[in-house]
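The values are calculated or read from the model by the stated rules, or taken from the named source; none is laboratory data. Only a predicted model underlies this, so the values are computations on that prediction, with no experimental measurement involved. Here the Cβ positions follow ideal geometry from the backbone for every residue, glycine too, while neighbour counts run over all protein chains shown. Just so you know, the surface numbers come from the protein's heavy atoms only, side chains and all, with ligands and any DNA or RNA stripped out. Shrake-Rupley method; radii C 1.70, N 1.55, O 1.52, S 1.80 Å.
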Amino acid sequence: MSEEIFQTLIRQYPDARLTAAEQPLLEADFEAQKHKHFSRRALGGAIGIIHNARGQVVLAKRSGMHAGWSLPGGTVEEGEDFSVAFRREILEEIGVSLDGVDLIELERKKFISPKGETFDFLLAVFEARMGKKELPEPTDDALAEGLEIALFYP
């Protein structure tokens, strides 16, 4: 992760909370995460809290390495702006456009293998609104990734 990218995001979103975390992973998960990150030349990840018109939030149920319910989002590709990547991922996975996208947290994450190998990852957490009260039918990307998308009251 480039220090320049981190500093640019801080300038763009001066009110965002800055955090750091170390995340030990099982060897297989570390290798999978490393492969995903480096094969795509990923800059990091962009996820977010999305509110609908009723005050519910959108969650995505994933399988595999990140199994379970989580905030929706995905990988920020090389040369892509984090907020653009977040909007793209949400459109691809959920099928909705977003309003009022704001970065609320920027986390420097360090993945650690059982052997002590590490790599850094930048995770941007956004908050946004979708104009619709209900979710559309599952997108082709959601179906291909085996995602279940649902609305929950906080």
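Computed quantities for the displayed model
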item	result
Protein accessible area in the chain, 1.4 Å probe - carbon and sulfur %	52
Asp99 - accessible surface, heavy atoms, 1.4 Å probe, Å² rounded to 10	90
In sequence order, calculated HN-Hα J values of region 122-128 (Karplus, 6.51, -1.76, 1.60; Hz; x Gly/Pro)	10, 10, 9, 10, 9, 10, 8
Using θ = phi - 60° and Karplus 6.51 cos²θ - 1.76 cosθ + 1.60, couplings along region 49-62 (whole Hz; Gly, Pro as x)	8, 10, 9, 8, 5, 9, x, 7, 10, 8, 10, 10, 9, 10
Distance violations [Cα-Cα > 26 Å] among Lys61/Lys109; Lys61/Lys133; Lys109/Lys133; Lys109/Lys132; Lys61/Lys115	Lys109/Lys133; Lys109/Lys132; Lys61/Lys115
Per-selection Rg to Rh, the chain - Cα, Kirkwood hydrodynamic radius	0.96
Cut-off 15 Å, label 7 Å out along Cα→Cβ of Arg40, residues of region 106-121 by amide N	121
Positive dipole terminus of the chain, leading residue within Ser39, Phe121, Gly100 (C-beta point charges)	Gly100
Solvent-accessible area of Phe82 with every protein chain in place, 1.4 Å probe, in Å² to the nearest 10	10
For region 42-154, accessible area per residue (1.4 Å probe, heavy atoms of protein chains only), Å²	48
Relative contact order for region 81-121, counting Cα pairs under 8 Å that sit 6 or more residues apart, in percent	25
Selection of trypsin sites (Lys or Arg not before Pro), region 37-66, meeting DSSP coil and at most 15 other Cβ within 10 Å	Arg40, Arg41, Arg54
Accessible-area ranking of Lys110, Lys133, largest first, probe 1.4 Å	Lys133, Lys110
Relative contact order of region 31-139, defined on C-alpha pairs under 8 angstrom at six or more residues apart (%)	32
